[in-house]
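Trainee: Structure incoming, see below.
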Amino acid sequence: MRNVLIPTDYSLASLELVEKTVQSLQHQNLNIILFHAFEIPFHASDIVGNNGKLPYRDIVTDAFRNGCKRLKEQHPKAIQSILLRHLYGNTSAVFHNFCDANEIDLIVIPDHFVFNPVHPQSVNPAPLFKKAGVPLLKTFAPAKKLQAVPASTSPERNAVIENEYNVTETEVYAIKKQYSAAVHLREDTQ
């Protein structure tokens, strides 16, 4: 089970990152954590202002919640849960503690990511993500699918395949050249 952190601006368009992540991390059970950061309020009036409402309270719409439910229904095997998490703070230390507390395994920050502030206190998470020390998913490429090697293939070709893929009955290891580490894919045994 992987805990995957994905930035959100609470729009339906931001849920496309969830869809692309699920497609990219095939055959993995995922806990999706949709994340938005806010600056810490400096004055008591900022905390008590707006009738004590939290900054994200009016931003999270019913359409967004329904979009999350729809994603979970579309991918019941891959998505175990979708959680909304908010962080108050904009320092690397605070974000590192957040990652530790939520056991984050992977952060999704595509190369084309554009921060869209939804509140005056919204914080751009990209610098925090890059300094977190957690693996980043920057491009969305589906895992390579293994193909049966015909018996007429030369031994050199078989050696290359055996070195690139270590295949057992229950596990498939696929190496993605665009990532710094191999992505571990476990076949569903159910």
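Trainee: Taking the range 110-122 as the region of interest, how many residues are closer than 18 Å to residue 92 by Cβ and more than 18 Å from the chain's Cα centre (by Cα)?
Mentor: Adding up the residues that qualify gives 1.
Trainee: Check the range 34-41 and report whether any residue there is outside any strand (DSSP E or B) and in contact with a helix residue (DSSP H, G or I) (Cβ under 8 Å, 6 or more places away or on another chain).
Mentor: Yes, the range 34-41 has at least one match.
Trainee: May I pose another question? Could you give every pair whose Cβ atoms fall below 6 Å, whose first residue belongs to the range 2-17 and is free of Cβ contacts under 8 Å to residues at least 24 places away in the same chain, and whose second residue is not β-branched (Val, Ile, Thr), counting only separations of at least 6 or pairs across chains?
Mentor: Pairs found: none.
Trainee: Another question about this same structure. Which residues, taken from the range 12-48, are hydroxyl-bearing (Ser, Thr, Tyr) and either within 14 Å of the chain's Cα centre (by Cα) or at pLDDT 90 or above (or both)?
Mentor: Hits for the range 12-48 are 14, 21, 24.
Trainee: Among (1) surrounded by fewer than 12 Cβ atoms within 10 Å (Cβ to Cβ); (2) outside any helix (DSSP H, G or I); (3) modelled with pLDDT under 50, which single condition is residue 146 missing?
Mentor: The single condition residue 146 does not satisfy is (1).
Trainee: Then there's this: Against the conditions (1) within 27 Å of residue 61 (Cβ to Cβ); (2) polar (S, T, N, Q); (3) at pLDDT below 90, where does residue 166 fall short? Just the number, please.
Mentor: (1)
Trainee: Additional query: Output the number of residues of the range 91-109 satisfying the condition of being more than 16 Å from residue 2 (Cβ to Cβ), touching a helix residue (DSSP H, G or I) at 6+ places or on another chain (Cβ under 7 Å) and crowded, with 16+ Cβ neighbours inside 10 Å.
Mentor: 1
Trainee: Before we move on, is residue 59 crowded, with 16+ Cβ neighbours inside 10 Å and more than 23 Å from residue 41 (Cβ to Cβ)?
Mentor: So residue 59 does not fit the description; no.
The values are calculated or read from the model by the stated rules, or taken from the named source; none is laboratory data. This is a predicted model, so every value here is computed, not measured. A quick note on method: Cβ atoms are made from the backbone with ideal geometry, for glycine too, and the neighbour counts reach across all protein chains shown.
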